[in-house]
1. Please verify whether the stretch 743-757 includes one or more residues that are modelled with pLDDT of 95 or more and either in contact with a strand residue (DSSP E or B) (Cβ under 9 Å, 6 or more places away or on another chain) or at negative phi (or both).
2. Listed residues 288, 259; which is farther than 30 Å from residue 475 by Cα and surrounded by 17 or more Cβ atoms within 10 Å (Cβ to Cβ)?
3. Consider residue 66 carefully, then state whether it is closer than 16 Å to residue 130 by Cα, in a loop (DSSP other than H, G, I, E, B) and at pLDDT 70 or above.
4. So which of 180, 128 is assigned to a strand (DSSP E or B) and either buried (at least 17 other Cβ atoms within 10 Å of the Cβ) or at pLDDT 80 or above (or both)?
5. Which residue is farthest from the chain's Cα centre (by Cα), if the candidates are limited to the stretch 266-295 and must be assigned to a strand (DSSP E or B), within 20 Å of residue 207 (Cβ to Cβ) and touching a residue at least 60 places away in the same chain (Cβ under 8 Å)?
6. Which of the following residues is surrounded by fewer than 18 Cβ atoms within 10 Å (Cβ to Cβ) and at pLDDT 95 or above: 310, 344, 302?
7. May I ask you to verify whether residue 555 is touching a helix residue (DSSP H, G or I) at 6+ places or on another chain (Cβ under 8 Å), closer than 30 Å to residue 212 by Cβ and in a loop (DSSP other than H, G, I, E, B)?
8. Kindly indicate whether any position in the stretch 706-726 is in a loop (DSSP other than H, G, I, E, B) and more than 30 Å from residue 606 (Cβ to Cβ).
């Protein structure tokens, strides 16, 4: 509260912009709410304590036990009963310090009664182990869900994929990640053990995947709705390994709709994992490797002077990803996790396809190295600290196959060199530290993020020049509209620093209502804006005593980092290192040979002097309801408004009848913080609350959205540089309807069938005349009265299926287990890095799985690449389609 007062006082001392007034109002409302909450809490005379107890339940193999019934007795409180969630844990909050006992029951396990547990002020954690019962017993205790469902970190608005469900997702790593993003919805952020970026771990090393709706947590930098958290399996007490192989080629694929024959295609994928103890109960090693050798075919559909062209281009690629992870138990409650990744990708013949002829190809070689260190655990009785460090170094080289000038005949054909020739070296270090602690009835979290980034780039883009023709007729007459060429080839280096700090307070007002307050502060070194305070507010409310209905709502500000690529271009094309040569009405093939040429002074890119960090204003409200038949219905409405978004504008475009404002300069592309965006989105999700007796799992996710913006990016230029309001229109990604459904069915023992259905409505594209009507040398002019992104393509859908057959053999070696009493530590979130051991739950030592996987099973034609250029022979037609039916065969072996 004192921090919010300080912010408000600081704002009252100076001039207030429109954005500042908005943030001031937000801070004032949050302050009043916080004050009111404290007053209500004081007047209610609540005698509850400030301690909380997290109980985690596992079986003898370390696997979590879901739906275990826990009874808490002792202290001054009445008996309390609750049930473990899909993480195998439950939280009892607002306890008085003292001694308690736990009684645990779960179907198929022996009952457990603990000795007295000492609970101290602040968060406490207890780990318990259940033993399988010889005779299954029915559970007698009843569940009280209401308090668990209003925990901001609890099971409400959370979908968890178990290892069994994960195993039935696509085996291809890229397809696997794509499915996760579609399950989560637009704007989802994926983190692995708290880290973002890099490659996802192999499916065999993933313990669970959690889709969580908690967008207003102050630790979140990104705006959006659903976060995807992936947790790897903890340390093993025996050695385990997997091998998988997948294969497909054109003999098992359908012909692309725009190809006259089936193109050459081959995909060979492999994966290896090995994990086990280096030092029993202390140090575990995880190794993983996956790679692919492939070549694909891309269609070329073009109109040449000699006639139409329909051809196929071969695109080879080679992928190799390596990772090693070590987990070492430092103390009883601290485990150090260290991980190294090396991800390499080599691609050839990029840039070929659609209107681009084979000579436009270029190669790309990328290598990414990641080193990650993390530790989570308690210290000094009432604090839990999570620290993460990531070092990334990356190399990316682009090399064109042809160095001749490029020729672009708008939406007819493109030939000549690709004009992509660059070398980029990046070194990045990221440090994050989050601290959890309790004070009275408040559970708080504070943290910071520091990101340092150094880049060296040698970019020779468009070094040999590009001719642009409005139509085939203009090309036959050798009359290009413009010739552009980037002059200069001086490497540059720059350093970037990003800082973020946050404070979060979760406060339970009543058993049925929890409130969250917080703020986040961010800054970036090359943006002068130092006023980036982002307040956040959220609530979780369970209005009915049965706990079957939960409402989550909130509002907040989210700042975005200034685009690094835009800053790179501002430094490169500054008129000194590089500049652009622009000629109107040039000759051809010699641009200086024409009789009516107009040679502009050098053109450059600059940043506006008042650049500020873009931010998003967001509010949302969501409902979760348990329906009949134990179905879960989730609905969430979200509104976003983007402010100070980056756009490009040619501030030296010619004024009608007056010429250029700066006569001795060419085009001056200025990057400004002047664009806005709007997003309204409704998401509806329905799924069963638990697996059925036949292990049937399904999920349906529908989204309606309307996305509007005023620019496509920081370097995209408007059609009219002096009427920016006219640029407001549908965003390029504005698909109004999205439907995603996934299901998995155990047909009979060992045989499983899964399916994924995806459908999206049409996205928009732009209509242009094909001419430079306003004389700014950019051929993006629209017909009179036509808005930006005013027409749409066609809807898309496909159905994929996976049929797998598993069998096991060999007997698991007997494991010696020892009973263990409860271990109590102070923790807020029950971090997995506490030295817990787990192993697979199968009765067989070896397992083999054979699978057949189809993509686009019904070979539906999904059209893309619609032409919006009026002078094109393909005007308002699609010239490409997504891949048709593909079939992959594979095998997985594990021990």
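The values are calculated or read from the model by the stated rules, or taken from the named source; none is laboratory data. Since the structure is predicted, the reported quantities are computational estimates derived from the model, not experimental observations. Cβ sites come from the backbone with ideal geometry, for glycine too, and all protein chains shown count toward neighbours.
1. yes
2. 288
3. Taking the combined requirement at face value, the residue satisfies it.
4. Unique residue meeting the criteria: 128.
5. Filtering first and then ranking leaves 275.
6. Only one candidate qualifies: 344.
7. no
8. No, the stretch 706-726 contains no residue that is in a loop (DSSP other than H, G, I, E, B) and more than 30 Å from residue 606 (Cβ to Cβ).
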